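Notes follow once the structure below has been shown.
The values are calculated or read from the model by the stated rules, or taken from the named source; none is laboratory data. Note that the structure is a prediction, hence the values are computed from the model and not measured. Neighbour counts run over all protein chains shown; Cβ positions are idealised from the backbone, glycine included. Each accessible area value is taken on the protein alone, full model and side chains, heavy atoms only, with ligands, DNA and RNA left out. Shrake-Rupley method; radii C 1.70, N 1.55, O 1.52, S 1.80 Å.
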Amino acid sequence: MLFNSLAFAVFLPAVFLLYWLTPPKRRWLVLLLSSYYFYMSWNVRYVVLILLTTAVSYGCALLIERDRAHKKPWLVLSLLVCLGVLFFFKYFNFVSESVAALLRRFGLPLSPLTLRLALPVGISFYTFQTLSYVIDVYRGGVRAERHFGRYAAFVSFFPQLVAGPIERTENLLPQINRPAAFDYEQAARGMLLMAWGFFKKTVVADNLAVTADLVYDDVYAFGGFALILATLCFTVQIYCDFSGYSDIARGAARLFGVELMRNFRSPYLSASLREFWSRWHISLSTWFRDYVYIPLGGSRVSRPRAEANLMLTFLASGLWHGASWSFVIWGAVHGAAQVLERRLGLHRPPEKRPARVLRAFAVFLFSAFAWVFFRAQTLSEAVYVLTHCFRGIGQPLSYLREGFLAVQVGKGKLAEYLLVFLLPLFLVDRAALKTDVIAWVRERPFALRHLICCALLLAILLFHAGGEVAFVYFQF
């Protein structure tokens with residue numbers, strides 16, 4: 001059930017009404033049943049996996065807390081089961097094919113054993129959420145939840161189940177255990193945040209995806225500036241697609257009195273890569289920081305060791321995104337760039353405005369070209385894009401003109417991209433660094449507030465790309 005579908009447009013109001021008509025002590029049950037229905041709308045069979053992960057992490061956390069002297073085996077059991085399920089469905093074929101390819105290089109012909117398995121939607125997200133819960137209980141940071149139903153509602157909470165944010169126990173679980181009273185202002189801000197998320201997804205991301213897909217679905221048919229245009233389109237597309245999902249998720253959660261963590265904070269305005277990763281997919285970045293980077297020693301060790309820890313963390317982050325060497329290389333590129341950034345002392349953003357603008361532009365371009373490994377369907381295609389994107393640049397006017405013609409972007413469409421898609425996005429992202437834009441809009445006078453809302457809805461209606469287009473991060 002996509003957020004941008006008619007089914008969700010019926011589902012969400014129905015659950016909203018049922019939730020607030022139910023006595024507070026039973027509202028967890030509404031969230032649990034609606035969340036499982038939401039998940040089963042994708043594939044009924046895979047509900048067994050989320051139930052298994054939930055039951056194992058729930059039981060192991062209780063056993064960890066009950067017997068602190070022998071808590072480690074229960075942590076290991078939880079890690080083995082939860083990560084084992086994730087590995088089997090997401091990485092089995094990748095590992096099998098990689099091992100077979102390696103053996104063939106040594107003259108040992110071996111056919112890889114592959115399985116026909118569809119990746120269960122959201123498995124990477126809810127697995128990491130359950131792992132952080134068990135690890136926090138193991139560390140003594142949170143108490144184990146006694147009520148299985150409420151814990152299951154925490155794991156499966158439908159607004160953030162499929163693509164995050166990956167919530168922490170101390171934030172989400174207490175809100176499910178002690179539901180808040182209905183707050184009209186919180187709900188109104190939630191609706192406005194959802195509208196902004198739908199604008200980013202259905203207007204910006206889905207329209208830019210047309211250009212990006214045109215090229216990346218057949219990269220060898222293109223060259224020169226067309227490859228750069230497609231890459232820039234994907235750079236904005238993936239941001240608006242994923243942050244749009246997160247905004248819709250956070251907005252929908254507010255309708256139930258739940259405040260989810262912010263997952264994006266204007267990442268493309270960052271003046272260093274370290275700053276970029278503190279603003280991009282924040283829930284995942286902080287997860288890897290707290291459960292991988294710091295346990296490895298973080299930056300409290302020697303510089304070579306700290307740099308190795310950073311590289312390992314980003315390699316793991318790349319692999320989390322997908323079972324492909326392209327994702328691993330994408331993670332390695334970002335890890336190596338951060339190591340170099342620290343060596344050169346560039347990880348601290350400059351204070352002066354001109355220098356900050358130039359550095360932000362450089363970080364944006366770097367992240368854009370790194371996305372090539374993320375978007376290309378194979379590693380060879382990524383190499384092709386990077387080695388052919390400047391072909392013909394010796395004749396700048398012809399280079400630019402042929403690029404626009406190849407991706408079918410004329411003056412009218414370019415103006416639409418810049419004025420309707422990118423300008424509002426830039427202005428809101430820039431303002432969001434200093435203020436809560438949604439709260440600011442809600443605090444405006446009645447006429448201005450409703451004028452802004454109507455303009456946003458009108459843009460969605462007029463420039464909607466059409467169709468129910470899946471979110472990019474659903475594949476992870």
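Miscellaneous remarks
- In a DSSP loop and with at most 11 other Cβ atoms within 10 Å, the trypsin sites (Lys or Arg not before Pro) in the range 278-345 are 300.
- Reciprocal mean inverse distance between Cα atoms of the range 10-109 - Kirkwood radius, Å: 17.2 Å
- Residue-wise HN-Hα coupling along the range 84-99, computed from phi with Karplus coefficients 6.51, -1.76, 1.60 (Hz; x: Gly, Pro): x, 5, 4, 4, 4, 7, 9, 10, 4, 5, 4, 5, 4, 5, 5, 5
- Semi-axes of the equivalent ellipsoid for the range 134-214, Cα gyration tensor, largest first, Å: 33, 19, 10
- For the range 224-292, the convex hull spanned by the alpha carbon atoms encloses 103 Å³ per residue.
- Taking a sphere under 12 Å around the Cβ of residue 28 and counting the other residues whose Cβ falls inside, with K and R at +1 and D and E at -1, yields a net charge of +4.
- Normalised by 2.2 N^0.38 Å, where N is the number of residues, the C-alpha radius of gyration of the chain stands at 1.01.
- Placing +1 on the Cβ of every Lys and Arg and -1 on the Cβ of every Asp and Glu, with nothing else charged, gives the chain a dipole about its Cα centre of roughly 1240 debye.
- Probe 1.4 Å, protein heavy atoms only - accessible area per residue of the chain in square angstrom: 46 Å²
- For the range 138-276, the Cα gyration tensor yields ellipsoid semi-axes of 36, 18, 14 Å (square root of five times each eigenvalue, largest first, whole Å).
- Value of relative contact order over the range 330-465, rounded to a whole percent, pairs C-alpha under 8 Å and six or more apart: 11 percent
- Note on the range 1-40: percent of Cα-Cα distances in each 5 Å bin, starting at 0 and stopping at the bin with the largest distance, equals 6, 25, 30, 23, 12, 5, 0.
- Each residue of the range 360-375 is assigned a 3J(HN,Hα), and the resulting list reads 5, 5, 5, 5, 4, 5, 4, 5, 5, 6, 5, 5, 4, 5, 6, 8 Hz, derived from the Karplus form 6.51 cos²θ - 1.76 cosθ + 1.60 (θ = phi - 60°), x at Gly and Pro.
- Ellipsoid semi-axes for the range 302-405, based on the Cα gyration tensor and the rule √(5λ), read 28, 22, 10 Å when sorted largest first.
- Carbon/sulfur fraction of accessible area - the chain, other protein chains in place, 1.4 Å, %: 67 percent
- Normalised by residue number, the volume inside the convex hull of the Cα atoms of the range 400-476 is 170 Å³ per residue.
- Residue by residue, the range 22-37 carries 3J(HN,Hα) couplings of 8, x, x, 5, 10, 5, 4, 5, 4, 5, 5, 5, 5, 5, 5, 5 Hz when phi is fed to the Karplus relation 6.51 cos²θ - 1.76 cosθ + 1.60 (θ = phi - 60°); x denotes Gly or Pro.
- Rg over Rh for the range 94-151 works out to 1.29, both radii taken from alpha-carbon positions and Rh defined as the Kirkwood radius.
- Built amide H within the under 5 Å cut-off of residue 142, gap 5+: 137
- For the range 135-162 versus the range 8-71, the gap between their alpha-carbon centres in whole angstrom: 9 Å
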